[in-house]
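*Asks:* Okay, here's the structure, questions in a sec.
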Amino acid sequence: MSALPDAVISRLRAGAVIPAHPLALDSRRRLDERRQRALTRYYLAAGAGGVAVGVHTTQFAIHEPKAGLYRPVLELAAEATRERAEDESGTAIRIAGILGPTSQGVREAGLAVDLGYHVGLLGFTGLCAASRAELLSHARAVADVIPIMGFYLQPAVGGIPLPYEFWRDMSEIEGLVAIKVAPFDRYCTLEVLRAVCDSGRADEIALYTGNDDNIIGDLLTRYASGGASAAFVGGLLGHWAVWTKTACDYWRQCRESMAADPRSVPEALLRLNAEVTDANSALFDTRNRFSGCIAGIHEVLRRQGLLAGNWCLNEAERLSPGQSAEIDRVCAAYPHLVDDDFVAEHLDSWLG
């Protein structure tokens, strides 16, 4: 297994804002390399601790051989993160989404290592027929190649139910360095936290929320079981693919609040949690069971000039009726959540 540099494991455990990286396309739905680089530059300039590429927000279709996009998209992000590797932002954590059966997962993990990625975000999409033992064997095979971040994806976009017993066994895998918890379900989220506590590895496994419907709530929650405790140190989120500068600001507020007194949560942060969740409902198109979730992210980036359009690889994936108006609504209601001025100030340099 490729070993994690000390600076990366320290930053991963300390916590970070990690945007789930979108895919920049032109009007013919081909990769727009200039804007793909610009997105990565934006995230790092906004204060993100790294990026996750080849994940749901990047569109799972890039993993298909006919798309031919998995390697070039990972290469572009790796190049852009290295531009800032030694500056004030520190080491940017590079996370590669890993999908498919074991043969594909091991192959993608090897490519990610070759391209300089630190961690593989291991998804189980398409493995719904596999037994728990088979899923664990799959995870071990990938972890033999690259350190892994387990991924509990919500069923609405391709995830499968993964109970406490599964996460308790996953936590025994030495190469598991983190877990992204994104079932959009309180009960399931608590099962993962309990499993990590009960494993005895709560200090080693970094927990990242992927619950875009309860971001701040997760960041302000500490769970205890069997004499151990666990808490989310950061997030790996599609929601953080937009308005990343303000996301970094409120992530820091949450970390400072937890460090000062985890037993007392400021009312302002609870109110902010509701506002962020409401904004996410527009971005992710919850009215239509998330059918416009990727197009919604693209639409905000298009309005800011980072993307040329809100196109997705699949022409059927587009904004739902009324979704644009919902985005208008939340932008007007919560102007403190957007970072349009920050993007406008730096856009030309990122596109250069």
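*Asks:* What order, most packed first, do the peptides 134-140, 190-196 have when packing is the mean number of other Cβ atoms within 10 Å of each residue? Show your work: numbers first, answer last.
*Replies:* On the way: 134-140: 17.0, 190-196: 23.1.
Highest-to-lowest ranking by the protection proxy: 190-196, 134-140.
*Asks:* For the stretch 212-352, what is the accessible area per residue in Å² when the probe is 1.4 Å? List each step's numbers first, then the result.
*Replies:* Values: 6190 Å² over 141 residues.
So the stretch 212-352 comes to 44 Å² accessible per residue, rounded to a whole number.
*Asks:* I've got another one for you. On the Cα set of the stretch 251-352, report Rg and Dmax in Å, please.
*Replies:* Expressed in Å, the Cα Rg and Dmax of the stretch 251-352 come to 16.2, 48.
*Asks:* Using 0.36 nm times the number of residues separating Ser229 and Tyr334, minus their current alpha carbon distance, what extension gain do you get?
*Replies:* Working: separation 105, 0.36 × 105 = 37.80 nm, distance 3.38 nm.
Length gained, Ser229 through Tyr334: 34.4 nm.
*Asks:* Take the Cα radius of gyration of the stretch 42-124 and divide it by 2.2 N^0.38 Å, with N its residue count; two decimals is plenty.
*Replies:* Numbers: Rg = 12.7 Å, N = 83, 2.2 N^0.38 = 11.8 Å.
My calculation over the Cα atoms of the stretch 42-124 gives 1.07.
*Asks:* Follow-up question, since we're still on this one. Tell me the carbon and sulfur percent of the accessible area for the chain, rounded to whole percent, probe radius 1.4 Å. Before the final figure, lay out each step's value.
*Replies:* On the way: 6830 of 13880 Å².
It is 49 percent, rounded to a whole number.
*Asks:* Quick check: with the 1.4 Å probe, what order do Lys180, Lys245, Lys66 take by accessible area, largest first? All intermediate terms of the calculation are to be shown ahead of the outcome.
*Replies:* Numbers: Lys180 15, Lys245 60, Lys66 180 Å².
If we order Lys180, Lys245, Lys66 from most to least accessible, we get Lys66, Lys245, Lys180.
*Asks:* At most 16 other Cβ atoms within 10 Å and a DSSP loop assignment: could you name the trypsin sites (Lys or Arg not before Pro) in the stretch 1-56 that fit? If you can, show how the numbers build up before the last one.
*Replies:* Values: sites: Arg11, Arg13, Arg28, Arg29, Arg30, Arg34, Arg35, Arg37, Arg41; in loops: Arg28, Arg29, Arg30.
Of the trypsin sites (Lys or Arg not before Pro), the ones in loops of the stretch 1-56 whose Cβ has at most 16 other Cβ atoms within 10 Å are Arg28, Arg29, Arg30.
*Asks:* How would you classify the stretch 1-157 from its alpha-carbon gyration tensor, with a ≥ b ≥ c the square roots of the eigenvalues: rounded for a/c under 1.5, else prolate if a/b is greater than b/c, otherwise oblate? Could you put the intermediate results ahead of the total?
*Replies:* Details: a/c = 1.82, a/b = 1.21, b/c = 1.51.
It comes out oblate by the Cα gyration axes.
*Asks:* May I pose another question? What are the ³J(HN,Hα) couplings of the stretch 51-58, residue after residue, when phi is run through the Karplus curve with 6.51, -1.76, 1.60 and θ = phi - 60°? Round to Hz, x for glycine and proline.
*Replies:* Those phi angles translate into 9, 10, 10, x, 9, 4, 5, 6 Hz.
*Asks:* Pairs of Cα atoms under 8 Å, at least six residues apart: use those to get the relative contact order of the chain, whole percent. The partial results should precede the final answer.
*Replies:* Values: 677 pairs, mean separation 63.1, N = 352.
That works out to 18 percent.
*Asks:* Dividing the convex hull volume of the Cα atoms of the stretch 1-51 by its residue count, what figure in Å³ per residue is obtained? Display every interim value, and only then the final one.
*Replies:* Numbers: hull volume 5.4 nm³, N = 51.
Given the Cα convex hull of the stretch 1-51, per-residue volume reads 107 Å³.
*Asks:* How big is the dipole moment of the stretch 70-171 about its Cα centre under a simple scheme where the beta carbon of each Lys and Arg is +1, that of each Asp and Glu is -1, and everything else is neutral? Debye, nearest 20, please.
*Replies:* On the way: 8 positive and 12 negative charges, 70 e Å.
Dipole about the Cα centre, nearest 20: 340 debye.
*Asks:* With Rg and the Kirkwood Rh both taken from Cα atoms, where does Rg over Rh land for the stretch 188-339?
*Replies:* Looking at the stretch 188-339, the ratio lands at 1.02.
The values are calculated or read from the model by the stated rules, or taken from the named source; none is laboratory data. Everything numeric here is computed off the predicted structure, so don't read it as measured data. Glycine also receives a Cβ, built like all others from the backbone with ideal geometry; neighbour counts cover every protein chain displayed. Just so you know, the surface numbers come from the protein's heavy atoms only, side chains and all, with ligands and any DNA or RNA stripped out. Shrake-Rupley method; radii C 1.70, N 1.55, O 1.52, S 1.80 Å.
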